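Q: Before anything else, here's the structure in question.
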Amino acid sequence: MNRIIFLAFGVLIAARAGLTQEAKHTAAGTSDAATVIVRAQSLIDGTSDKPFHNMEIVIQGNRIIDVRPAKSQALPAAAQVIDLGTATVLPGLIDAHTHIFLQGEDPAAGGYDVQLLKYPASYRVARAVVSARRALEQGFTSIRDVETEGAGYGDVGIKRAINEGVIPGPRMWVSTLSISSTGGYPLEGYAPEITVPKGSQLIDGPVEARKAAREQLDKGADWIKVYMTHRSWLDAQGALVSQPTLTVEELKAIVDETHGWGRKVACHAYNGPGLQRALDGGCDSIEHGLEITDAQISQMLKQGTWYVPTLQVYYTDWDPADTDSGKRDRKRVALHGVAFGKALHAGVKMAFGTDVGGFKWSEPIAQEFSREVEFGMTPMQAIQSATSRAAELLGRRGEIGVVAPGAYADLIAVASDPLADVNVLKTVQFVMKDGVVFQSSAVAAAP
Ligand SMILES: [Zn+2]
């Protein structure tokens, strides 16, 4: 007899116990794997332009094996049915720009510096464990975590602990230390006689650049993260200026090495010469990209460069409006929206990123969706930026970010239609990762 579990939203349900463990360690595709059926009135599959209605998703082990109209076929005798009622089911979301080792940069709480100067390594790890769980609770079943901000190779261990089932968390692509140049990353502003820790591995010259990439790749980096711009300010005409960091030669050494390992390079670049060097040096993804010229858009299209804008984070922690830094903060936001719209219109490949960690993990990661819509994406495009498009960025098209046969069983559900209001994605009420139900309740606040 089929065991049917109806999940009522807003109520804590202990659905984890029964389903989870059986599905967990069963090999995908084997005939004796437990079959789980997830039914919902509405399904957004991550690639199609329109939602489907009254569908069921058939899962064996950790993979989806069929997606079909509900009740269109007889179920195996032992199948378990999870009926999500009127909910909308989507693929597990993907955030392509996170920092699990950062806990916001609130100046009143000590900003960035306190985390490197006063947090013991064990404390940073403890909080990163919570950040990873927090991502999963919010429906992000995959993240590309773009450097640990002075916490060494901590991300490699967190990823391993998640993959071994020691702690809950999303699938992770990690980038370890990141690379910048001397004078190209905090901590800074201290007495020159004092040696302070740095949030990035600082190199000078192509030889050091390649060596840093080799070390990081050898120790577990899935992506190499490079800072191509650092400080930013407004010039006398009110234009945003960003200090370039690595030279094209330094970047080329990193890109060449990383591509040789079959891995990719993500480049933090705001605008100007640093962004130009990022493109000339062959970066695979431009992170933030606050201001992008038409010629740079064309170059991105030609080279197939990804764009991972992070709109919402620049709305936080503004300095006062009458200060130089306050004016810069407001200019960044104004430029970023324009760049986003231009890239979208031109057809640049775009993936969802938030820079969460730059803001607190207790805030909704999904607040980025409404910014994407504000600056021109349809709700469906915004959802796809965090599903099939981000999967493509990670080289995992068809495996994650999609509800289709062959994909991992990473599913979420929300109570109402996200195409009518993307803000419902802030309240994900059902999360399944790798065929295992992680939660089926309202999200509890993180510490
Ligand atoms: Zn970042």
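Q: Condition test on Arg160, is it among the basic types (Lys, Arg), open to solvent by 30 Å² or more (accessible area, probe 1.4 Å), free of Cβ contacts under 8 Å to residues at least 60 places away in the same chain and touching a Gly at 6+ places or on another chain (Cβ under 9 Å)?
A: In short, yes.
Q: Please enumerate the residues belonging to region 58-71 that are assigned to a loop (DSSP other than H, G, I, E, B), open to solvent by 10 Å² or more (accessible area, probe 1.4 Å) and touching a residue at least 60 places away in the same chain (Cβ under 8 Å).
A: Correct list: Asn62 only.
Per-residue answers, yes or no, for (1) in a helix (DSSP H, G or I); (2) crowded, with 16+ Cβ neighbours inside 10 Å:
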position	(1), (2)
His268	no, yes
Leu275	yes, yes
Met300	yes, yes
Tyr307	no, yes
Tyr314	yes, yes
Ala321	no, no
Arg328	yes, yes
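Q: Going by the conditions given, is Ile143 farther than 30 Å from Asn62 by Cβ and surrounded by 15 or more Cβ atoms within 10 Å (Cβ to Cβ)? Steps first, answer last, please.
A: On the way: farther than 30 Å from Asn62 by Cβ: no; surrounded by 15 or more Cβ atoms within 10 Å (Cβ to Cβ): yes.
For Ile143, the condition - farther than 30 Å from Asn62 by Cβ and surrounded by 15 or more Cβ atoms within 10 Å (Cβ to Cβ) - is not met.
Q: Does Glu149 satisfy being farther than 25 Å from Thr387 by Cα, within 16 Å of the ligand (Cβ to nearest atom) and out of contact with any strand residue (DSSP E or B) (no Cβ under 9 Å at 6 or more places or on another chain)? Don't jump to the end; show me each part of the working.
A: Values: farther than 25 Å from Thr387 by Cα: yes; within 16 Å of the ligand (Cβ to nearest atom): yes; out of contact with any strand residue (DSSP E or B) (no Cβ under 9 Å at 6 or more places or on another chain): yes.
So Glu149 passes the test.
Q: Report yes if Arg39 is open to solvent by 20 Å² or more (accessible area, probe 1.4 Å), at pLDDT 95 or above and farther than 20 Å from Arg397 by Cβ, otherwise no.
A: yes
Q: Just one of Ser131, Ser122 is under 30 Å from Phe438 (Cβ atoms), within 16 Å of the ligand (Cβ to nearest atom) and in a helix (DSSP H, G or I); which is it?
A: Ser131
Q: With respect to Ser385, determine if the residue is open to solvent by less than 10 Å² (accessible area, probe 1.4 Å) and polar (S, T, N, Q).
A: It is true that Ser385 is open to solvent by less than 10 Å² (accessible area, probe 1.4 Å) and polar (S, T, N, Q).
Q: A further question on this structure: Please state which one of Val174, Val166 is of a type in the set (A, V, I, L, M), open to solvent by 30 Å² or more (accessible area, probe 1.4 Å) and in contact with a helix residue (DSSP H, G or I) (Cβ under 9 Å, 6 or more places away or on another chain).
A: That would be Val166, the only listed residue that is of a type in the set (A, V, I, L, M), open to solvent by 30 Å² or more (accessible area, probe 1.4 Å) and in contact with a helix residue (DSSP H, G or I) (Cβ under 9 Å, 6 or more places away or on another chain).
Q: Could you tell me which numbered condition Gly154 fails, if it satisfies all but one of (1) surrounded by fewer than 24 Cβ atoms within 10 Å (Cβ to Cβ); (2) out of contact with any Lys or Arg (no Cβ under 8 Å at 6 or more places or on another chain)?
A: It fails just one condition, (2).
Q: Out of the residues in region 72-118 that are in contact with a Leu (Cβ under 9 Å, 6 or more places away or on another chain) and in a loop (DSSP other than H, G, I, E, B), state the one that is farthest from the ligand (Cβ to nearest atom).
A: Gly85
Q: Only helices (runs of 4 or more DSSP H) wholly contained in region 355-444 count here; list those with 2 or more residues that are more than 16 Å from Phe140 (Cα to Cα).
A: Once the helices (runs of 4 or more DSSP H) in region 355-444 are filtered for at least 2 residues that are more than 16 Å from Phe140 (Cα to Cα), what remains is 367-374, 379-385.
Q: Determine, yes or no, whether Gly304 is within 16 Å of the ligand (Cβ to nearest atom), of a type outside the set (D, E, K, R) and free of Cβ contacts under 8 Å to residues at least 60 places away in the same chain.
A: It is false that Gly304 is within 16 Å of the ligand (Cβ to nearest atom), of a type outside the set (D, E, K, R) and free of Cβ contacts under 8 Å to residues at least 60 places away in the same chain.
Q: Any idea which residue in region 277-295 is surrounded by the most Cβ atoms within 10 Å (Cβ to Cβ), counting only those that are under 19 Å from His345 (Cα atoms) and away from the ligand (no atom under 16 Å from the Cβ)?
A: Ile292
Q: So, one more: Out of (1) open to solvent by 10 Å² or more (accessible area, probe 1.4 Å); (2) within 21 Å of Glu374 (Cβ to Cβ); (3) away from the ligand (no atom under 15 Å from the Cβ), what's the single condition that is false for Phe340?
A: The number of the failed condition is (1).
Q: Going residue by residue through region 350-361, is there one that turns out to be of a type in the set (Ser, Thr, Tyr), modelled with pLDDT of 95 or more and either more than 16 Å from the ligand (Cβ to nearest atom) or within 30 Å of Arg39 (Cβ to Cβ) (or both)?
A: For region 350-361, residues of a type in the set (Ser, Thr, Tyr), modelled with pLDDT of 95 or more and either more than 16 Å from the ligand (Cβ to nearest atom) or within 30 Å of Arg39 (Cβ to Cβ) (or both): absent.
Results for (1) more than 16 Å from the ligand (Cβ to nearest atom); (2) farther than 16 Å from Arg263 by Cα; (3) not aliphatic (A, V, I, L, M), shown as yes or no for each residue.
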residue	(1), (2), (3)
Thr141	yes, yes, yes
Val156	yes, no, no
Ala239	yes, yes, no
Thr245	no, yes, yes
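Q: On to the next question. Being buried (at least 24 other Cβ atoms within 10 Å of the Cβ) and of a type in the set (Val, Ile, Thr) is the filter here; which residues of region 343-369 pass it?
A: Within region 343-369, Thr354, Val356, Ile365 meet the criteria.
The values are calculated or read from the model by the stated rules, or taken from the named source; none is laboratory data. Every value quoted in this text rests on a predicted model; they were computed, and no experiment measured them. With ideal geometry, Cβ positions are generated from the backbone for all residues, glycine too; neighbour counts draw on all protein chains shown. Please note that ligands, DNA and RNA were not included when accessible areas were found on the heavy atoms of the full protein model with its side chains. Shrake-Rupley method; radii C 1.70, N 1.55, O 1.52, S 1.80 Å.
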